[in-house]
Amino acid sequence: IPLRAALWDADVQFFPEGGDLIAGLSKKVAFKAIGSNGRGLAVKGRVVDQKGNEVASFTDMHKGMGYISLIPEAGNAYTAEVTFPNGESRTYPLPPVVEQGISVTVLKSDTAQLQLAIVANERFLEANRGQAFYLIAQTNGILCYAAQAALRSDAVVVNLPKDRFPTGVTQLTLFTSAGQPVSERLVFVENIKPLSISVS
């Protein structure tokens, strides 16, 4: 038993939707907890700011995976206090907060359309109002959708017909007009047409 206890370890990683924690924007932060055996760990915990104030609490949904919703503040830093099934607790820093930024957010993926939002905070909007951005969607390296959007407000909603995509993981990347990637999001698209079967 002492040997097993010495070998026990855990890894918890946090992934802000679109790539960054952006000041003033509501964010989903996905997390994944795995043990030293490579399997998911059931976890729970809370997120605190640099003053120790709780800003969110969380519990995994399935095999150590889940997400947290929070609105990060500029100049603040966040830490996750995680409790594991064996009663041990550890702290993990969340990614740093960027003061200005833009990201791709998935609003709906369970309808006939894949609904996205390109969202920017006020500082980014002030510096880039009217600038063109390009949204590229690809699955298995095959381009499925491309569009240009001008940033005139803090959010641009984009509806993509799901029949343009094969079933699988779609990579959504947002580029500046100079071709610089600024945000990326993966989303699973299920686009399997039901079979027409008759039995006689």
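The values are calculated or read from the model by the stated rules, or taken from the named source; none is laboratory data. Owing to the predicted nature of the structure, the values given are computational and were not obtained by experimental measurement. Ideal geometry is used to build each Cβ from the backbone, glycine not excepted, and the neighbour counts take in all protein chains shown. Heads up: the accessible areas ignore ligands, DNA and RNA and are worked out on the full protein's heavy atoms, side chains in. Shrake-Rupley method; radii C 1.70, N 1.55, O 1.52, S 1.80 Å.
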(message) Looking at segment 180-199, can you tell me whether even one residue there is open to solvent by 50 Å² or more (accessible area, probe 1.4 Å), free of Cβ contacts under 8 Å to residues at least 24 places away in the same chain, part of a strand (DSSP E or B) and closer than 28 Å to residue 131 by Cβ?
(response) yes
(request) Of the numbered conditions (1) more than 17 Å from residue 27 (Cα to Cα); (2) within 17 Å of the chain's Cα centre (by Cα); (3) loosely packed, with under 13 Cβ neighbours inside 10 Å, residue 96 fails exactly one; give the number of that condition. (result) (1)
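Please tell me if residue 91 is polar (S, T, N, Q), touching a Ser or Thr at 6+ places or on another chain (Cβ under 9 Å), open to solvent by less than 60 Å² (accessible area, probe 1.4 Å) and farther than 25 Å from residue 173 by Cβ. It would help to see each step written out before you state the result.
Working: polar (S, T, N, Q): yes; touching a Ser or Thr at 6+ places or on another chain (Cβ under 9 Å): yes; open to solvent by less than 60 Å² (accessible area, probe 1.4 Å): no; farther than 25 Å from residue 173 by Cβ: yes.
No: the conditions fail for residue 91.
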(request) Just name the residue that is least open to solvent (accessible area, probe 1.4 Å) out of those in segment 36-84 that are free of Cβ contacts under 8 Å to residues at least 24 places away in the same chain and more than 24 Å from residue 96 (Cβ to Cβ). (result) 38
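Looking at segment 10-18, can you tell me whether even one residue there is at positive phi and touching a Lys or Arg at 6+ places or on another chain (Cβ under 9 Å)? Explain how you work it out, then say what you get.
Step one: of segment 10-18, the residues at positive phi are 18.
Still in the running and touching a Lys or Arg at 6+ places or on another chain (Cβ under 9 Å): 18.
Yes, that holds for at least one residue.
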(message) Among the numbered criteria (1) closer than 30 Å to residue 132 by Cβ; (2) in contact with a strand residue (DSSP E or B) (Cβ under 8 Å, 6 or more places away or on another chain); (3) modelled with pLDDT under 90, which one does residue 120 miss?
(response) (3)
(message) Looking only at residues that are exposed (fewer than 14 other Cβ atoms within 10 Å of the Cβ) and assigned to a strand (DSSP E or B) in segment 165-179, which one is modelled with the highest pLDDT?
(response) 169
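For residues that are β-branched (Val, Ile, Thr) and not in a loop (DSSP other than H, G, I, E, B), scanning just segment 106-145, find the one that is farthest from residue 191 (Cα to Cα). Working first, answer last.
The first filter runs over segment 106-145 and keeps only residues β-branched (Val, Ile, Thr), leaving 106, 111, 118-119, 136, 139, 142.
Filter once more, keeping what is not in a loop (DSSP other than H, G, I, E, B): 106, 118-119, 136, 139, 142.
On the way: 106: 17, 118: 23, 119: 26, 136: 19, 139: 12, 142: 16 Å.
Checked segment 106-145; the qualifying residue farthest from residue 191 (Cα to Cα) is 119.
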(message) I want to confirm something. Restricting to segment 99-138 and keeping residues that are surrounded by fewer than 19 Cβ atoms within 10 Å (Cβ to Cβ) and among the β-branched types (Val, Ile, Thr), which single residue is farthest from residue 18 (Cα to Cα)?
(response) 111
(request) Looking only at segment 144-164, decide whether some residue is in contact with a Phe, Trp or Tyr (Cβ under 7 Å, 6 or more places away or on another chain), surrounded by 15 or more Cβ atoms within 10 Å (Cβ to Cβ) and either free of Cβ contacts under 8 Å to residues at least 12 places away in the same chain or closer than 15 Å to residue 18 by Cα (or both). (result) no
